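In what follows, a structure is listed as structure tokens, so that the remarks can point back to it.
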Amino acid sequence: MMTRTCSHEDAVVAAALAGHELDAPLEAHVAGCANCREVHALVSVLHDDRADTLAQAQVPSAGLVWWKATLRARHEDAARATRPITVVAAVTAAAVAGLLVSVAGLLAWWMQDALAAQPIVQALAAAMSTSDPSGAVSGVRLAVWLVAGALLVATPLLLYVALRDE
Amino acid sequence: MSETRLDTLALHATACDEPFVLREDEFRLLYDRTSRGLWAYVYRLTRDSHTADDLLQETYYRFLRTPATYDGDLHVRNTLYRIATNLVRDRRRRTRPTVSIDHDETPVLAAAHDEVHVTGERTDVRRAMAQLRDRDQQLLWLAYAEGSSHQEIAASLGVRANSVKTLLFRARQRLAALLPRTTRDAGPGGRS
């Protein structure tokens, strides 16, 4: 096994790659130089391997590669072009949601007397405000908080799932 | 594609609102000149023809989509090999290799190789190559199969040109260490 490189190595590699017979001085050198002998053999094997691979290779045609690239480029460009629209739509949706919540709050404030008269609202308010002397949380109160929490978690997730493909 | 044409690639890509840096006719010329060698390189690294097809497609796509200025055919070629090398590396990171080194060919190619590689020594070299780490395989293939210069290898692999000689030497050492003793004594391929 070689332990150093040789100054004739480049010439040996070039000759092997070209498939030429080594000239007499180089052949004499290779016969006595383990490094060059190994390099020459390695180049011969790998160069032949490459030739065999090229001979058997069924490379896709230029037209096919171009066509696939064109389709992909169009798809990516279209996605890039619609990305700002998606962002604007999401911001608009958030703004509308905020507006609706504000309007609902105002309406609730104006209509609080009428709402307070509703039995279901009274029952809900009672359930939310009732405090158990033992410190336990009531079932209705727990359910309301769980629903509110689930909505808080699920809303951004649903928005993400709905918009991710765009 | 002439060097004059290559010199204007960046201008072409930025001045027009085209999706690619080359027109189709220019691409075909480039592809015809470079694709087979590039495919063989990727195939030898991945040992799977379908993967080589995919990576070849991806290599040219990335090349076509990246505006740059090229100093000639060699620069373009080195850029393609650099992209392909990175793609092979990324793919290797994502997926663990599951192909046995004893069955590292597609059936068609394996049959062809069996006919050609009649000597056990050559098969030994191929097996030993397959066991080398990617960087060593890339170095040995570019240097001794493609005949690339140290500068070209450096540009293709993203290493310093003055370290290529040392890296090649170490890669050869590791290859020799993997060869059976009979093959090692005769030299890889047993031709010497």
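The values are calculated or read from the model by the stated rules, or taken from the named source; none is laboratory data. Predicted model, so just to flag it, every value in this text is computed and none were measured. Positions of Cβ are backbone-derived with ideal geometry, glycine not excepted, and every protein chain shown enters the neighbour counts. Side chains included, ligands, DNA and RNA excluded: accessible areas come from the protein's heavy atoms. Shrake-Rupley method; radii C 1.70, N 1.55, O 1.52, S 1.80 Å.
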Where residues in the stretch B:149-171 are over 16 Å from B:ARG44 (Cα atoms) and in contact (Cβ under 8 Å) with a residue 40 or more places away in the chain, which of them is nearest to the other protein chains (Cβ to nearest Cβ)? B:GLU152
Taking the stretch A:64-77 and keeping only residues that are under 23 Å from the mean Cα position of the chain (by Cα), open to solvent by less than 50 Å² (accessible area, probe 1.4 Å) and of a type in the set (A, V, I, L, M, F, W, C), one is left with A:ALA69, A:ALA73
B:ARG28 - would you say it is within 10 Å of chain A (Cβ to nearest Cβ) and either at pLDDT 90 or above or in a helix (DSSP H, G or I) (or both)? yes
Residue list for the stretch A:64-80, restricted to those being more than 7 Å from every other protein chain (Cβ to nearest Cβ) and aliphatic (A, V, I, L, M): A:LEU64, A:LEU71, A:ALA78, A:ALA79
Can you name the number of the only condition in (1) within 46 Å of the chain's Cα centre (by Cα); (2) among the polar types (S, T, N, Q); (3) more than 7 Å from chain B (Cβ to nearest Cβ) that A:ASN35 fails? (1)
Residue list for the stretch B:134-147, filter: free of Cβ contacts under 8 Å to residues at least 40 places away in the same chain and crowded, with 19+ Cβ neighbours inside 10 Å: B:ASP136, B:LEU139, B:LEU140, B:ALA143, B:TYR144
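The rows are residues; the columns are (1) modelled with pLDDT under 75; (2) more than 30 Å from A:GLU76 (Cα to Cα); (3) more than 43 Å from the chain's Cα centre (by Cα); (4) of a type in the set (Val, Ile, Thr).
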site	(1), (2), (3), (4)
A:ALA95	no, no, no, no
A:GLY98	no, yes, no, no
A:LEU115	yes, yes, yes, no
A:ILE120	no, yes, yes, yes
A:SER131	yes, yes, yes, no
A:LEU142	yes, yes, no, no
A:VAL147	no, yes, no, yes
A:TYR160	no, no, no, no
Scan the stretch B:49-70 for residues that are among the polar types (S, T, N, Q) and farther than 24 Å from A:ARG74 by Cα and jot them down. B:SER49
Limited to the stretch A:6-22, what total is found for residues that are more than 14 Å from B:TYR144 (Cβ to Cβ) and at pLDDT below 85? 4
Among B:VAL99, B:VAL125, the single one that is closer than 30 Å to B:ALA177 by Cα and at pLDDT 80 or above is B:VAL125
Considering only residues of the stretch A:38-63 that are open to solvent by 70 Å² or more (accessible area, probe 1.4 Å) and more than 7 Å from every other protein chain (Cβ to nearest Cβ), which is nearest to B:SER148 (Cα to Cα)? A:ALA55
Which pairs do you get when a residue that is at the interface with chain B (Cβ under 9 Å from one of its Cβ atoms), found in the stretch A:3-30, comes within reach of a residue that is of a type in the set (D, E, K, R), reach meaning Cβ atoms under 7 angstrom, with the pair 6+ apart or on two chains? A:THR5/B:LYS165; A:VAL30/A:ARG37
Scope the stretch A:13-64; condition under 30 Å from B:ARG28 (Cβ atoms) and among the small types (Gly, Ala, Ser); matching residues: A:ALA18, A:GLY19, A:ALA51, A:ALA55, A:ALA57, A:SER61, A:ALA62, A:GLY63
